[in-house]
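First up is the structure itself, then whatever we jot down about it.
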Amino acid sequence: RAKALKEAQFQVFSNDMREEAVARLDLESDLIKALEDKEFSLFYQPIIHLETGKVSGFEALIRWNQEERGLISPNDFIPVVEETGMIIPLGAWIIKTACQQIQAWHEEFPELSLKMNVNLSRRQFDQLDLVPQIKSILQQLNLPGHYLQLEITESMIMRDVEAAHKLMLELKALGMQLAIDDFGTGYSSLSYLHRFPTDTLKIDRSFVSSMENSVEDHDIVETIISLGQKLSMKLVAEGIDSLEQLKLLKIAGCHYGQGYLFSRPLSAEQATEFIEQSLSSPIAFESVSTGSD
Ligand code: C2E
Ligand code: MG
Ligand code: MG
Ligand code: MG
């Protein structure tokens with residue numbers, strides 16, 4: 001009986017596996033084609049200085065517009081791109097495209113000193129030639145490193161603290177800034193945090209979105225902000241989508257924010273218009289509507 005049961009389980013298991021494997025293979029070959037056919041693009045979400053309402057920079061967010069499937073979320077394809085190693089060429093494309101965009105904005109709006117945030121995936125962080133790769137992109141474009149801020153997560157750092165520390169110092173040596181993304185959702189050791197050469201903490205959206213209704217999450221946000229302030233780090237709140245959240249974050253002393261309240265991620269053209277508009281009138285928070293969703 002035990003043997004029959006095992007076989008039955010195996011049968012189910014392997015059918016599921018086969019389906020999953022086929023779906024994955026499809027996705028993989030679609031991804032390879034997508035790189036060739038240039039189906040990827042970067043969108044840019046403004047990061048707002050909360051005190052002044054001015055745009056301080058943008059976070060580059062990848063989009064995949066696929067013929068049959070339509071717009072696919074990075075949460076769905078970044079993991080596959082990572083597993084297959086395709087993140088290495090795609091990651092290089094992301095960094096280069098983001099660099100070209102920030103360079104164009106610096107030429108058009110030199111007085112704004114805008115920064116570009118770029119997400120790094122784990123595999124890129126572990127990539128042996130990440131530093132020379134970024135260095136050569138900066139050199140090719142003649143772009144100062146401080147225009148860029150790289151976003152990494154707690155788990156990427158904590159996996160091998162010593163190696164991560166060394167890499168972060170090398171990235172800093174190129175002039176780039178470093179942000180810890182989704183802060184509060186991973187496990188970083190607080191004792192390491194002050195030793196790391198990180199400049200910015202990005203407070204995860206999950207805390208921000210529930211801080212109005214949950215005393216606990218409000219406390220967590222306040223605690224992250226005072227921790228960041230003690231460590232002289234910049235604080236960015238992710239996913240602000242209401243005026244109430246904005247008010248609470250300003251009271252708590254958060255410096256920057258991004259979220260649908262200010263703007264969704266925008267195409268390069270739309271983002272340029274956003275900058276132009278913000279020049280004539282910095283975002284008047286009182287008049288910002290919470291949108292339709
Ligand atoms: P993330 O780096 O934490 O990016 C923030 C995500 O929150 C983005 O989703 C953004 O569109 C979304 N968001 C911003 N404000 C709001 C808001 O007010 N409400 C809601 N509901 N969502 C908001 P997106 O673009 O779908 O990206 C998801 C994740 O995929 C990113 O999370 C990041 O981890 C990854 N990702 C995106 N682009 C790249 C990339 O170029 N490279 C790598 N390695 N990962 C990327
Ligand atoms: Mg990010
Ligand atoms: Mg984030
Ligand atoms: Mg997040």
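Details
- Filtering Ile240, Ile203 for residues that are among the aliphatic types (A, V, I, L, M), within 25 Å of Ala163 (Cα to Cα) and within 16 Å of ligand 2 (Cβ to nearest atom) leaves a single hit, Ile203.
- Among the candidates Leu201, Leu246, Leu235, Leu261, residue that is touching a residue at least 12 places away in the same chain (Cβ under 8 Å), more than 15 Å from ligand 3 (Cβ to nearest atom), outside any helix (DSSP H, G or I) and not aromatic (Phe, Trp, Tyr): Leu261
- Within the range 64-80, considering residues that are in contact (Cβ under 8 Å) with a residue 24 or more places away in the chain and within 15 Å of the chain's Cα centre (by Cα), the one farthest from Leu249 (Cα to Cα): Phe77
- One residue from Ala92, Ala98 being within 10 Å of ligand 1 (Cβ to nearest atom), modelled with pLDDT of 90 or more and under 14 Å from Ile134 (Cβ atoms): Ala98
- When Leu235, Leu248 are checked against the criterion of being in contact with a His (Cβ under 8 Å, 6 or more places away or on another chain) and crowded, with 22+ Cβ neighbours inside 10 Å, a single residue qualifies: Leu235.
- Only listed residue being modelled with pLDDT of 95 or more and among the hydroxyl-bearing types (Ser, Thr, Tyr), chosen from Ser113, Ser189, Ser155: Ser113
- Odd one out for Ser188 among (1) touching a residue at least 40 places away in the same chain (Cβ under 8 Å); (2) within 16 Å of ligand 4 (Cβ to nearest atom); (3) more than 17 Å from the chain's Cα centre (by Cα): (1)
- Number of the condition not met by Phe207 [criteria: (1) surrounded by fewer than 17 Cβ atoms within 10 Å (Cβ to Cβ); (2) farther than 20 Å from Val55 by Cα; (3) without any contact (Cβ under 8 Å) to a residue 24 or more places away in the chain]: (1)
- Pairing residues of the range 34-52 that are under 26 Å from Thr200 (Cα atoms) and buried (at least 18 other Cβ atoms within 10 Å of the Cβ) with residues that are modelled with pLDDT under 95 and of a type in the set (Ser, Thr, Tyr), at Cβ distances under 9 Å and at least 6 apart in sequence or on separate chains, gives Pro46/Ser278; Ile48/Ser278.
- No other residue among Leu120, Leu130, Leu148 is more than 16 Å from ligand 3 (Cβ to nearest atom), on the phi < 0 side of the Ramachandran plot and within 15 Å of the chain's Cα centre (by Cα) apart from Leu148.
- Hey, Gln277 within 16 Å of ligand 3 (Cβ to nearest atom), outside any loop (DSSP other than H, G, I, E, B) and over 24 Å from Leu150 (Cβ atoms) or not: no
- Against the conditions (1) under 18 Å from Arg123 (Cβ atoms); (2) buried (at least 16 other Cβ atoms within 10 Å of the Cβ), Asp160 satisfies every one except (2).
The values are calculated or read from the model by the stated rules, or taken from the named source; none is laboratory data. Since we're looking at a predicted model, the values are computed, not measured. Heads up, the Cβs are rebuilt from the backbone with ideal geometry, glycines too, and the neighbour counts pull from every protein chain shown.
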